[in-house]
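Working notes, beginning with the structure itself.
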Amino acid sequence: MCGIAGFWTVLPHHNRDWLNKRALTMANTLLHRGPDDKGTWIDEEVGVAFGHRRLSIIDTSDAGHQPMVSSDGRFVLTYNGEVYNFPVLRQELEKKDHRFRGHSDTEVMLASFQEWGVEGSLKKFNGMFAFALWDRRDRRLTLARDRLGEKPLYYGMQKGTLFFASELKAIRAHSHFEPRIDRDALASFLRFSYVPAPYSIYRGIRKLLPGHYIQIKSPNERTESEPYWSLESVVQSNQKSLFSMSEEEAADELERRLKETVKSRMVSDVPLGAFLSGGIDSSTIVALMQSEGGRPVNTFTIGFKEEEFNEAVHAKKVAEHLNTNHTELYVSPKEAMDVIPKLPEMYDEPFADSSQIPTHLISVLTREHVTVALTGDGGDELFAGYNRYILARKYWKLLKSLPFGLRKGLSGAMGLLGDKRFENIYRKFEFALPVKSRISLPAEKYNKAEKIMSMAGIDEVYKRLVSINYIPKRYLVSGVESLSQLDDSTLWNHGKDYIGNMQKLDLLTYLPDDLLVKVDRAAMAVSLETRVPFLDHELVEFVMGLPLDLKLKNGQGKHLLRKVLYKHVPRKVMERPKMGFTVPLDEWLRGSLKEWAEKLIDPKKLREEGYFKSDPVMKLWNEHLDGRANWGHQLWSIFMFQSWSRKESKLYS
């Protein structure tokens, strides 16, 4: 795991020292991603400069130093990630007379480019990666990102200079960069709590899409990225093939593949462990890790004293059964809230998934003991684990059978039920009703249902369910939401495979833009490498070809994955309601965080800054404080942008 940065400029760049100094300045902003080594490489003639910060995992010797030049001198590579199948590729290359100085995957990648070219090599690589490759012969820059988006890569052009980097802070460090906030991206951020790819919060700077690469022959050239792997193509191919395995055969095959991918991600020259929440996904990864080695796996869990947010007790049961070397740490609300001031620097662009807080805390704990940790991310998306899949299908099957006029009427009724004042009145008279006639009135669920009632299709239902804020423009001075992959109707198979479509879209959007960003930034802030076995692309291709009834059975997701896990951990240890890895945000905002929050949304400051309309923001805040609704997540997006933008403005003031 490393940090990469660089640029290519056609402007007068003075001399080699000027190029080198700026490349090093960019790279050094990524010290947290690579504390073990640093390097630069310069092509003074054309104005290309590469920077690198290294976290040494494989081949910790100088033979793994980057940027690295190929043996024939043609290619130069600065690279972040791990190519797990590099030993196999190395053997294949050695048969073709390639020779190697060390045993790093970087050296194997360069030999691959020599032998098979860029696209041919990308199709052979199995791993997580983001890289920049300079072809000295053809004077061509290639930027590429792994298939599922585990590793980040930003790029963009301004003032005759093309920038690229693992994080925005490295691009901000270049003197040619102009920080212009993209108000359309801000509108999208407010909807989803993250800025969806390919956009970034800055105009002119983009995120390279997962599974894509871009080849550039001039910094002034407008070039579109191309896919070298497509999840949509995988899904379409699977739909044409017949699945012939029995359930038991499928479970055995899944376990075999999982063991292979877990084993490949345990290769490390430094200490290794795993996050363990006690849920199905992380427990499966840890169980298979434990089955691979003779010594106990190092596992780590963060606990909270608030019972409804505490997963540590469940993780401990799994750890005891598997006999792992388990470390747990219970953190106080103050310790958790102390993370908040660090978030703008850590995430580097507005990001508002509040589970970023415990994710950073578990990363801090884990890094005290190991340098690499495996995670269970991706299990919900692959094995239909989210409740929203079932809810969306249920909602749409009901809604599409009702006349639109009736739906509009029901929408109004749901709006009434979602009013906290109605709930308070109901509670006063509830005692007079028979117990069986009493109803639960969670206001937020009715508010969400109110919006869904007027939807025209399952794609709109899904977008509503994954939206944090339904009407961003209500709160913004200006900005129109950018079209994202969620608005691409061609990605929807309009047959009856509703859940398959939602899984696919989560793998394309929510997973890389939210979950993987959350973990990457939280872990790399403390120089911890995380690896995600579920996102092995060959495993993804297999799982996406499984029939839905092997994933979702009797209203419960992850059916086949559970069958694998129960071979290692008894069902009784695992049986519990699904929990999210989160914090009591609603209560904190009414209590300990109230003063902090009110400074961020001071009406006078909001009007001066010119991003948010003060009246609707204050209405949202007051309704939350009064207990009329829980708007914690909607408000968190506003607070995270405000916190980030005020820090950002100080950088350029």
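The values are calculated or read from the model by the stated rules, or taken from the named source; none is laboratory data. Since the model is a prediction, treat every value here as computed from it, not as a measurement. We place every Cβ from the backbone using ideal geometry, glycine too, and count neighbours over all the protein chains shown.
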(message) Taking the criterion of being part of a loop (DSSP other than H, G, I, E, B) and under 18 Å from GLY127 (Cα atoms), would at least one residue in segment 520-533 satisfy it?
(response) yes
(request) Go through segment 1-84 and tell me which strands (runs of 3 or more DSSP E), entirely inside it, have 3 or more residues that are closer than 23 Å to ARG145 by Cβ and touching a residue at least 60 places away in the same chain (Cβ under 8 Å). (result) 2-9, 48-54, 75-83
(request) Taking the options LYS124, LYS95, name whichever one is touching a helix residue (DSSP H, G or I) at 6+ places or on another chain (Cβ under 8 Å), farther than 21 Å from ILE205 by Cβ, at pLDDT 95 or above and not assigned by TED's automatic domain parsing to the domain that holds GLU529. (result) LYS124
(message) Every residue in segment 364-377 that is buried (at least 24 other Cβ atoms within 10 Å of the Cβ) and of a type in the set (Ser, Thr, Tyr), please.
(response) THR366, THR375
(message) Given the condition modelled with pLDDT under 95 and outside the structural domain of ARG265 (by TED's automatic domain parsing), answer yes or no: does some residue in segment 144-157 qualify?
(response) yes
(request) Please specify each residue of segment 298-317 satisfying the condition of being assigned to a helix (DSSP H, G or I) and out of contact with any Phe, Trp or Tyr (no Cβ under 8 Å at 6 or more places or on another chain). (result) GLU307, GLU308, PHE309, VAL313, HIS314, ALA315, LYS316, LYS317
(message) Condition first: closer than 11 Å to PHE534 by Cβ and assigned to a loop (DSSP other than H, G, I, E, B). Now tell me which residues in segment 253-286 satisfy that.
(response) ARG265
(message) For segment 1-33: of the residues being crowded, with 16+ Cβ neighbours inside 10 Å and charged (D, E, K, R), which is nearest to GLY51 (Cα to Cα)?
(response) ARG22
(request) Taking the options GLU335, GLU328, GLU320, name whichever one is in contact with a helix residue (DSSP H, G or I) (Cβ under 8 Å, 6 or more places away or on another chain), farther than 30 Å from TYR199 by Cβ and assigned to a helix (DSSP H, G or I). (result) GLU335
(message) Cβ-Cβ under 9 Å, sequence separation 6+ or interchain: first residue in segment 151-162 and touching a residue at least 60 places away in the same chain (Cβ under 8 Å), partner basic (Lys, Arg) and not in a strand (DSSP E or B). Which pairs?
(response) PRO152/ARG521; MET157/ARG222
(request) Please find, within segment 34-54, the residue that is surrounded by the fewest Cβ atoms within 10 Å (Cβ to Cβ) out of those that are acidic (Asp, Glu) and over 25 Å from MET346 (Cβ atoms). (result) GLU45
(message) Being without any contact (Cβ under 8 Å) to a residue 24 or more places away in the chain and part of a loop (DSSP other than H, G, I, E, B): is that true of GLU224 here?
(response) yes
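Yes/no matrix, rows are residues, columns are (1) farther than 26 Å from ASP138 by Cβ; (2) in contact with a His (Cβ under 8 Å, 6 or more places away or on another chain); (3) in the same structural domain as VAL372 (by TED's automatic domain parsing):
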{"site": "LEU19", "(1), (2), (3)": "no, yes, no"}
{"site": "ALA27", "(1), (2), (3)": "no, yes, no"}
{"site": "ARG53", "(1), (2), (3)": "yes, no, no"}
{"site": "ILE58", "(1), (2), (3)": "yes, yes, no"}
{"site": "ALA63", "(1), (2), (3)": "yes, yes, no"}
{"site": "GLN66", "(1), (2), (3)": "no, yes, no"}
{"site": "VAL76", "(1), (2), (3)": "no, no, no"}
(message) Can you find, within segment 542-562, the residue that is surrounded by the fewest Cβ atoms within 10 Å (Cβ to Cβ) among those that are of a type outside the set (D, E, K, R) and not in a loop (DSSP other than H, G, I, E, B)?
(response) GLN556
(request) Would you mind stating whether ARG628 is surrounded by fewer than 19 Cβ atoms within 10 Å (Cβ to Cβ) and more than 19 Å from GLY591 (Cβ to Cβ)? (result) no
(request) Being more than 22 Å from ASP536 (Cβ to Cβ) and crowded, with 24+ Cβ neighbours inside 10 Å narrows it down to one of LEU110, LEU143, so name that one. (result) LEU110
(request) Return yes when ALA187 is farther than 21 Å from PHE129 by Cβ, aliphatic (A, V, I, L, M), out of contact with any Phe, Trp or Tyr (no Cβ under 8 Å at 6 or more places or on another chain) and not assigned by TED's automatic domain parsing to the domain that holds LYS647 and no when it is not. (result) yes
(message) If I ask for residues that are among the small types (Gly, Ala, Ser) and surrounded by fewer than 20 Cβ atoms within 10 Å (Cβ to Cβ), which ones from segment 93-107 would you list?
(response) GLY102
